[in-house]
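See structure below.
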Amino acid sequence: MWGSTEKIDNVEIKYSPFWKLKEELNNLQLCISTLREKEVNVWVAPKIPPKLRMGRLFPEWVPTNEKEMNKYIVQIKVPIITAEWKSTTISFNVHRKLKNEFMAAFQDIKKTQLKEIKKPKKERKINPINPDRRERGSFNWRSKRDKPEEMSIHSYWWAIDINSWVNKWHYWTEQENNESKNSPYYITPEFAEIMKKHGFYWWWDRSDERKDPMHFSYTEKPDIV
């Protein structure tokens with residue numbers, strides 16, 4: 001029966017294989033076990049199924065104002081490599097349950113960059129990060145630009161914009177896109193893969209015109225091509 005398909009009153013019913021049900025149960029137990037924790041170990045966040053991530057971050061209720069969000073806030077400092085190939089750090093606020101995952105992602109990015117240091121600049125696959133605070137964004141209590149009736153996910157501390165001036169939102173032109181590719185801060189697929197490995201979705205993967213290459217989110221999975 002497991003993994004089979006049958007029709008009842010012309011309705012097709014699929015039975016998930018036992019291993020799949022076991023996997024889903026394990027994921028649910030993992031999510032439940034982290035509901036009350038203030039900090040969560042690295043590699044836990046990517047394992048949480050997309051539909052359960054919101055509930056894991058807010059087990060009681062989803063905050064309705066900036067004041068309610070304050071108890072979930074924590075500031076982190078992460079290492080980065082600049083376009084001048086200098087090592088420094090940047091600080092920003094994130095949801096406390098994603099603190100360790102964000103830090104681990106940026107540490108992995110830097111480790112990979114240091115492995116490429118002997119290569120010519122054109123051959124380096126992992127783009128640097130602009131240390132200018134205006135070039136990144138994590139928390140911003142506001143509504144969505146295209147849907148004012150909905151809150152932006154930046155309101156909840158689980159998304160970040162990286163090198164925003166170069167990697168603009170979907171309204172930019174193809175000419176601007178091509179010009180940005182010449183910038184060392186243009187986000188590469190290799191850079192994005194490290195973020196995705198840690199559970200963050202890259203909004204350049206959207207299948208529609210609303211691509212957002214600067215944007216990495218933990219909860220909203222884009223409609224990927």
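With the structure loaded, tell me whether Asp161 is crowded, with 17+ Cβ neighbours inside 10 Å and within 23 Å of Lys211 (Cβ to Cβ) or whether it fails that test.
So Asp161 fits the description; yes.
Which ones in segment 122-147 are surrounded by 10 or more Cβ atoms within 10 Å (Cβ to Cβ), part of a helix (DSSP H, G or I) and at pLDDT below 80?
Scanning segment 122-147 gives a single hit, Glu135.
Could you please find all residues in segment 41-90 being charged (D, E, K, R) and either closer than 19 Å to Ile160 by Cβ or within 17 Å of the chain's Cα centre (by Cα) (or both)?
Lys47, Lys51, Arg53, Arg56, Glu66, Lys77
Which of the residues that make up segment 50-101 are aliphatic (A, V, I, L, M), in a helix (DSSP H, G or I) and modelled with pLDDT of 90 or more?
Answer for segment 50-101, where residues must be aliphatic (A, V, I, L, M), in a helix (DSSP H, G or I) and modelled with pLDDT of 90 or more: just Leu98.
Quick check: anything in segment 171-184 of a type outside the set (Phe, Trp, Tyr), under 17 Å from Trp203 (Cβ atoms) and at pLDDT 80 or above?
No, the conditions are met nowhere in segment 171-184.
The values are calculated or read from the model by the stated rules, or taken from the named source; none is laboratory data. All of these numbers come straight from a predicted model, not from anything done at the bench. Counting neighbours? That spans all protein chains shown, and the Cβs are built from the backbone with ideal geometry, glycine included.
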